[in-house]
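S.K.: Before anything else, here's the structure in question.
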Amino acid sequence: MTRIGVYPGTFDPITLGHIDIIRRGAKLVDRLVIGVATNPSKSPMFTLAERREQIMRETADIANVDVVDFDELLMTFAERLGATVIVRGLRGAGDFEYEFQMTGMNRALNDDIEQVFLMADVALQPIASRLVKEIAVYGGDIRKFVPPAVADDVVARVKANGLKGQ
């Protein structure tokens, strides 16, 4: 039986922390599906297609990773894929509180799918997509937080949208 895991997120943009969790999560399952969420509660910098392409580009060297976008409940998506595991990354206590609540809700929807939490590498724990975008808008160097091609994508988008601060 093939063990399928899902690592869901908005990935706007994908960070080195996300990639760390993807690499480590891929070792736990036969197939890891990166679920790129539409997430209507956020206003993404990149379109769903752009985020999917960034992730595919940055994970191309990981053989058992697939990238799929979704616009449904996470548990419905996982069930449709035949997943048995949801992989989530934790950076700190704030993430834990949110994930604790989400795990309870997800277990109420389907308690056959396990949730596995991986702590981000200590050096990568402070990285958040929201902060990467904010740093870029104000002209800061984001290359230590995202892969080089993603940094180029973010800087180009900031310039194209006239978001550049002082």
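S.K.: Of everything in the stretch 109-141, what is assigned to a helix (DSSP H, G or I) and either closer than 20 Å to LEU81 by Cβ or touching a helix residue (DSSP H, G or I) at 6+ places or on another chain (Cβ under 6 Å) (or both)? Give them in sequence order.
M.R.: Across the stretch 109-141, the qualifying residues are LEU109, LEU124, ALA136, VAL137.
S.K.: Filter the stretch 1-18 down to the residues that are aliphatic (A, V, I, L, M) and within 8 Å of the chain's Cα centre (by Cα) and list them by number.
M.R.: Once the filter is applied, which keeps residues that are aliphatic (A, V, I, L, M) and within 8 Å of the chain's Cα centre (by Cα), the stretch 1-18 yields only ILE14.
S.K.: Let me ask you something else. Would it be correct to say that VAL65 is surrounded by 14 or more Cβ atoms within 10 Å (Cβ to Cβ), closer than 26 Å to VAL150 by Cα and at pLDDT 95 or above?
M.R.: Here the answer is yes, as VAL65 does meet what is asked.
S.K.: Have a look at PHE145, PHE100, PHE96 and point out the one that is among the aromatic types (Phe, Trp, Tyr) and assigned to a loop (DSSP other than H, G, I, E, B).
M.R.: Going through PHE145, PHE100, PHE96 in turn, the sole match is PHE145.
S.K.: Kindly indicate which of ALA63, ALA78 is more than 24 Å from VAL137 (Cα to Cα) and either in contact (Cβ under 8 Å) with a residue 60 or more places away in the chain or in contact with a strand residue (DSSP E or B) (Cβ under 8 Å, 6 or more places away or on another chain) (or both).
M.R.: None of the other options fit; the residue is ALA78.
S.K.: Report, ordered by the first and then the second residue, all pairs with beta carbons closer than 7 Å, sequence separation of six or more or different chains, a first member in the stretch 130-151 that is more than 16 Å from ARG51 (Cβ to Cβ), and a second member that is among the charged types (D, E, K, R) and at pLDDT below 95.
M.R.: VAL137/LYS164; GLY139/LYS164
The values are calculated or read from the model by the stated rules, or taken from the named source; none is laboratory data. For clarity, every value in this text was computed on a predicted model and none was experimentally measured. Quick reminder, even Gly has a Cβ in these numbers, built from the backbone with ideal geometry, and neighbours come from all protein chains shown.
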